[in-house]
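The values are calculated or read from the model by the stated rules, or taken from the named source; none is laboratory data. Since this is a predicted model, take the numbers as computed values, not measurements. In this analysis, Cβ positions are derived from the backbone assuming ideal geometry, glycine residues included, and neighbour counts consider all displayed protein chains. The accessibility values were calculated without ligands, DNA or RNA, using every heavy atom of the protein model including side chains. Shrake-Rupley method; radii C 1.70, N 1.55, O 1.52, S 1.80 Å.
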Amino acid sequence: MKDKILITGANGQLGRVLAARLRAKYGKDNVLATDIKEPDFDNYPFEFLDILNKKRFAEVIKDHKITQIYHLAAILSAKGEWAPKKTWNVNFNAVLNILALSEEVGIKRFFFPSTIAVFGKTTPRQMTPQHCPLLPETVYGISKATGEYWCNYFYKRYKLDVRSLRYPGIVGYQSLPEGGTTDYAVEIFHAAIKGEKYICFLDADTRLPMMYIEDAIRGTIELMDDRHENISIRSSYNLAAMSFTPNEIYQEIKKYYPNFEIEYKPDFRQKIAESWTESIDDSYARKDWNWNHQYDLQEMVKTMIKELRNILKT
Ligand code: AKB
């Protein structure tokens with residue numbers, strides 16, 4: 001039987017690119033995009049789906065004979081701080097419902113995106129190891145860390161084939177991300193290409209782990225494709241590509257736009273960024289399923305400018 005895939009949050013930064021890639025691989029009709037908003041681009045087949053509505057979720061799984069779920073819908077770190085209880089409900093209670101439903105109906109494979117936001121001040125800041133103290137400071141981080149534990153539990157207890165990655169900040173040209181602390185690394189390109197000065201909400205020297213979207217999508221699909229027995233981490237894999245500061249990405253963009261200006265006006269997101277770590281040890285992913293990133297800062301900046309110039313028609 002052919003796999004049928006459901007993606008939640010499919011209009012988001014990762015979801016829209018993942019849906020297209022999975023459709024190329026599995027066939028258009030075998031990938032169902034779902035979200036709480038109508039797509040403003042070709043993201044069909046599509047169903048409206050509020051992840052908090054367990055009954056509707058069960059109907060959609062049944063109606064479309066779903067066998068795999070990529071559960072991407074979430075409220076990110078910065079936006080989550082404005083409504084902690086709602087964020088917990090969306091980022092955690094919904095996940096627990098969907099895990100339970102997946103186990104009940106016999107979903108074959110489940111993807112849960114985690115994040116570097118699970119780390120906290122007790123976590124080693126450099127080359128953060130896979131197994132380390134977490135103590136996250138945002139409700140987004142708390143919900144994702146708890147989600148990781150439940151993923152591990154569902155695998156151990158019910159043999160639900162859950163796979164997960166701790167994404168760094170994702171940089172892509174396809175959309176502007178919304179509500180994250182790493183969003184500056186996408187916004188900065190839009191400003192440069194439009195000839196505007198960029199007001200950065202993080203300090204010049206705030207180093208964070210980051211990844212180009214192509215690497216993130218390829219890594220996700222490779223993990224989900226890999227043989228079951230190679231997957232040794234059922235909470236969530238550390239995943240890394242590069243780390244940079246706002247000043248470093250600015251300097252790289254300036255090579256293409258010498259007159260580009262930046263001003264640093266850190267806001268509440270600075271504290272969030274400082275509670276995360278600077279670089280990640282992802283050796284488990286590299287060893288277990290041969291993870292390898294392809295984009296470094298130079299290559300990413302070159303590609304982002306080329307692709308975004310096309311979209312913004314400059
Ligand atoms: C955010 O900034 O909240 C996200 C993340 C690192 O998970 N991009």
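Checking LEU297, LEU308 one by one, the residue that is closer than 20 Å to SER175 by Cα and open to solvent by 20 Å² or more (accessible area, probe 1.4 Å) is LEU297 and no other. Of all residues in the range 152-171, those that are touching a helix residue (DSSP H, G or I) at 6+ places or on another chain (Cβ under 7 Å) and more than 16 Å from the ligand (Cβ to nearest atom) total 6.
Regarding GLY219, is this residue within 13 Å of the ligand (Cβ to nearest atom), among the small types (Gly, Ala, Ser) and within 30 Å of PHE41 (Cα to Cα)? In short, no.
The single residue among ALA145, ALA117, ALA185, ALA192 that is within 16 Å of the ligand (Cβ to nearest atom) and in the same structural domain as LYS302 (by TED's automatic domain parsing) turns out to be ALA185. For the structure I just gave you, tell me whether ALA24 is open to solvent by 30 Å² or more (accessible area, probe 1.4 Å) and in a helix (DSSP H, G or I). Yes: the conditions hold for ALA24.
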